[in-house]
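Right, one structure below, let's go through it.
The values are calculated or read from the model by the stated rules, or taken from the named source; none is laboratory data. Computed from a predicted model, the values in this text were never measured in an experiment. Here Cβ is always computed from backbone atoms with ideal geometry, including for glycine, and neighbour counts include all displayed protein chains.
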Amino acid sequence: MADLSVHIGKLELKNPVLTASGTFGYGIEYVDFMDLSRIGGIFVKGTTFHPREGNDYPRMVETPSGMLNAVGLQNKGIDYFISDIYPKIKDIDTNMMVNVSGSTVEDYVACAERMNELDKIPAIELNISCPNVKQGGMAFGTNCSGASEVIKAVRKVYHKTLIVKLSPNVTNIAEIAQTAEAEGADAVSLINTLLGMAIDAERRKPVLSTITGGLSGPCVKPVALRMVYQTYKAVKIPIIGLGGISNATDAIEFILAGATAIQIGTYNFIDPEISVKVVDGIHEYLDRHGFQSVQELIGALS
């Protein structure tokens, strides 16, 4: 069988299939459905320095070919993660990585410092789509200066693999990726959710309590593919592609567009075994086309 291993900086993945933060819990919720060791890694639920209650209900709604969510990064904070979650996941035989979020640069730095101490967490994914409360709520990742500030600060204190998750709600995502690369990111992941809205016509009101939310699922895939392709042309660091992946063909398309690895998100809710099915599907594709390694496919559009 072909070699599915890839590298994200110093991080070695047994295959390029990862699960996206917020859609796979802490991984342990899926042990009854699949062998977690068969996938390249798991990005666990978003973690912040302080506990967060999340947004009011309703905060999720199904849309054509996708869903909107406004969960609001509900979690019990870094102390709870270290005391209660880390002991349960540290010995899972794959790369266990944590999505780190915050509302201030100081929050990101403090959370990253604590993650740096955990031997069995080899990487963090910096979610820069969060609103910067000190700058009027504009997301860190929607402009180069905001992205630069938080990435530079975290890079100073975090010494393992640093992956920066990019927001698609920008004019030029390649420019933000170049900023991440310049500030020392080992890789970028894209895309995060697109900003969307749902309306209840009978009640003449927004469906979500927050009015707008993050759109994900198959409907965003063409946008995500385009952004991965543009970013691949602009940076030299590895790209982790995500957005609407629901089968092995989708995953291969992202790799052809320039992704070194991929994340599966929303489709975990539909088929909890989808990630291992995608691993098998990539193997089948490589064997059928005579490739020796998945790395031969990265950015290999003819």
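Scanning region 174-184 for residues that are among the hydrophobic types (A, V, I, L, M, F, W, C) and either over 27 Å from residue 264 (Cβ atoms) or surrounded by fewer than 24 Cβ atoms within 10 Å (Cβ to Cβ) (or both) yields a total of 2.
For residues that are among the basic types (Lys, Arg) and either outside any helix (DSSP H, G or I) or in contact with a Cys (Cβ under 9 Å, 6 or more places away or on another chain) (or both), tally how many sit in region 144-164. So the answer is 1. A search for C-beta distances below 7 Å between a residue of region 233-253 that is over 14 Å from residue 219 (Cα atoms) and without any contact (Cβ under 8 Å) to a residue 24 or more places away in the chain and any residue that is small (Gly, Ala, Ser) and crowded, with 21+ Cβ neighbours inside 10 Å, counting only pairs 6+ apart in sequence or on different chains, returns nothing. Kindly check whether there is at least one residue in region 263-275 that is among the acidic types (Asp, Glu) and more than 29 Å from residue 183 (Cα to Cα). The answer is yes, given that some residue of region 263-275 is among the acidic types (Asp, Glu) and more than 29 Å from residue 183 (Cα to Cα).
For region 112-119, the count of residues that are among the polar types (S, T, N, Q) and not in a strand (DSSP E or B) is at least one.
So that you can scan it fast, the table gives a plain yes or no per residue for (1) among the small types (Gly, Ala, Ser); (2) farther than 22 Å from residue 214 by Cβ; (3) within 17 Å of the chain's Cα centre (by Cα):
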| residue | (1), (2), (3) |
| --- | --- |
| 24 | no, no, yes |
| 27 | yes, no, yes |
| 30 | no, no, no |
| 42 | no, no, yes |
| 51 | no, no, no |
| 72 | yes, no, yes |
| 87 | no, yes, no |
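Within region 240-252, one or more residues are surrounded by fewer than 19 Cβ atoms within 10 Å (Cβ to Cβ), polar (S, T, N, Q), under 22 Å from residue 44 (Cα atoms) and modelled with pLDDT of 95 or more.
Okay, residues lined up against (1) surrounded by fewer than 18 Cβ atoms within 10 Å (Cβ to Cβ); (2) in contact with a helix residue (DSSP H, G or I) (Cβ under 9 Å, 6 or more places away or on another chain); (3) not β-branched (Val, Ile, Thr):
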position	(1), (2), (3)
203	yes, no, yes
207	no, no, no
228	no, yes, no
261	no, yes, yes
266	no, yes, no
287	yes, no, yes
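Restricting attention to region 19-41, the residues that are more than 15 Å from residue 269 (Cα to Cα), touching a strand residue (DSSP E or B) at 6+ places or on another chain (Cβ under 9 Å) and either hydrophobic (A, V, I, L, M, F, W, C) or not in a loop (DSSP other than H, G, I, E, B) (or both) total 4.
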